[in-house]
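Shown next, in structure tokens, is the structure this report addresses.
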Amino acid sequence: MSGRFEGKVAVITGGAQGIGRAIAQAFRAEGAVVHVIDARPGDWFVGDIADPGALERFAAQVVAQSGRVDYLLNNAPPPMKGIDDCTFEDFSRAMAIGVTAPFYLTKLLAPHFAPGAAVINLSSSRDRMSQPQTESYTAAKGGIAALTHALAISLAGRARVNSISPGWIDTTDSHIDGADAAQQPVGRVGRPEDIAALALFLCSDQAGFITGENICADGGMTRLMIYHGEHGWRYGNG
């Protein structure tokens, strides 16, 4: 690795597994000091980001230990429940994790952003398309996509703010082939490392002219038009 982020400080929510872990590993490999908050037990700050007190304590620890923040990556995913079984409390928690926590952590850390800082929010291709019974997750991802361009304007001159909308990302290290791979225009399912590489780019000086954008990394699936009777696909069980 190039060590291009040597001496930089990256803050990552939900960094204990999946995409978040891949992002944390990628930044460490490039020389950054990485601070992670996750609800799972481990050698990171353990806390529930839906709890504002946990975010306040985490932010205070980051500032006490590092004194600055170069990159903030709001990655922790909200729960997915649909309209049939999602309660008011379930939906509120999804908003708290998926939208309110990224907003509040950005607000807490903004006074400590270093020159050239960048914020990356993890949205989803579900911010523009849906499956049945996914309302809590989809609404949260749509919310953070909109929050991204709002923050980009409010933080102009202090930090660039962009979001990434992953498509199907296999976080189980499986080998997925056959129709599941072939349906993707790029011919494969995504990997966490694909999203980590994009996060590194968006935080780098090479992306210095990009802010307020939501970049979809989904292997082209949201660009593929599907009609009944085409490509072997038929509506329903017909």
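The values are calculated or read from the model by the stated rules, or taken from the named source; none is laboratory data. On a predicted model such as this, the values are computed, not experimentally measured, just so you know. We place every Cβ from the backbone using ideal geometry, glycine too, and count neighbours over all the protein chains shown.
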Practice task
Give Ala16, Ala24, Ala10 a once-over and let me know the one that is assigned to a loop (DSSP other than H, G, I, E, B), of a type outside the set (Phe, Trp, Tyr) and crowded, with 19+ Cβ neighbours inside 10 Å.
Solution key: Ala16
Handout entry: Among the residues listed as Gly178, Gly236, Gly219, the single one being over 30 Å from Arg158 (Cα atoms) and surrounded by 15 or more Cβ atoms within 10 Å (Cβ to Cβ)
Key = Gly219
Handout entry: Cross-chain or 6+ apart pairs with Cβ under 6 Å, region 158-179 first and among the acidic types (Asp, Glu), then surrounded by fewer than 23 Cβ atoms within 10 Å (Cβ to Cβ) and at pLDDT below 95
Key = Asp170/Ile176; Asp170/Val189
Practice task
Restrict the check to region 105-118 and report whether at least one residue is at pLDDT 95 or above, in contact with a Pro (Cβ under 9 Å, 6 or more places away or on another chain) and of a type in the set (Lys, Arg).
Solution key: no
Handout entry: Of all residues making up region 74-102, the number that are among the acidic types (Asp, Glu) and either touching a Phe, Trp or Tyr at 6+ places or on another chain (Cβ under 6 Å) or part of a helix (DSSP H, G or I) (or both)
Key = 2
Handout entry: Scope region 105-135; condition within 24 Å of Phe58 (Cβ to Cβ), among the small types (Gly, Ala, Ser) and over 14 Å from the mean Cα position of the chain (by Cα); matching residues
Key = Ala110, Ala114, Gly116, Ala117
Fill in the blank from the handout: Of those in region 30-68 that are among the β-branched types (Val, Ile, Thr) and not in a strand (DSSP E or B), the residue farthest from Val9 (Cα to Cα) is Ile49
